[in-house]
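Here is the structure we will look at, set down as structure tokens.
The values are calculated or read from the model by the stated rules, or taken from the named source; none is laboratory data. Quick caveat, the model's predicted, so the values are computed rather than measured. Virtual Cβ from ideal backbone geometry, glycine too; neighbours counted across all protein chains shown.
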Amino acid sequence: MTVRDRVKSVTPEFIRRILRCILNYVCRLGRWVIILWQIRGAKIADEGVLWVSAFVAPVTSLSNLGGWQDPVLLWDATLNVQGFGVFRVRARTDDLWHVLPWRERRLFRVIRKFLGEGDVFVDAGANIGVFSVLASLIVGGWKSFCDRDDAGHCPHSEESSRHEWLPQCFCAGICTVRCRW
């Protein structure tokens, strides 16, 4: 029996729950340090959304302390993720957590190690497309096949494709956005 198991066996359940809630709260606040280190707003207003959301995190992080909660923005914002690109992040969703390079460090290392220029990368279930963006930086261009019916969720929506920092994209399937060829 490990020390952890031994402590767990003698600690009452309600104490373990309280400790778990405290740990969850501290971890939630700690994620904001990483977010502010790796992400910047594309414009001053977006930077303001990021910092205001971080500033109120001690309050917003208090809900559902017994379970997982992603860090969230209070309002939609366009964010520049260091080393990856620019993403439109929706308010009160898990988008902010998904664009963090820190979140999937090992997977990013594997993609960088095994993917090369000219390779094909399929990001099935691309969510907001952070892995697709990383792969496109490595393979040297891309075509994006969006398989979502939520055009606002597709990282290459009509609104986003007007920005010069996004590669050309081709959307197919049930994605209702129009992209330039």
Query raised in the report: Condition test on Phe108, is it among the aromatic types (Phe, Trp, Tyr) and assigned by TED's automatic domain parsing to the domain that holds Leu134?
Result: yes
Query raised in the report: Can we say Arg40 is under 26 Å from Pro101 (Cα atoms) and in contact with a Pro (Cβ under 6 Å, 6 or more places away or on another chain)?
Result: no
Query - Tabulated pairs, the range 12-40, first not assigned by TED's automatic domain parsing to the domain that holds Asp70 and surrounded by 12 or more Cβ atoms within 10 Å (Cβ to Cβ), second among the hydroxyl-bearing types (Ser, Thr, Tyr) and in a strand (DSSP E or B), C-beta under 8 angstrom, 6+ apart or interchain - result: none
Query raised in the report: What number of residues in the range 42-63 are under 12 Å from Ala77 (Cα atoms) and in a loop (DSSP other than H, G, I, E, B)?
Result: 2
Query raised in the report: Of all residues in the range 83-122, which are part of a loop (DSSP other than H, G, I, E, B) and either at pLDDT 85 or above or surrounded by 17 or more Cβ atoms within 10 Å (Cβ to Cβ) (or both)?
Result: Phe84, Arg90, Ala91, Arg92, Thr93, Asp94, Val99, Leu100
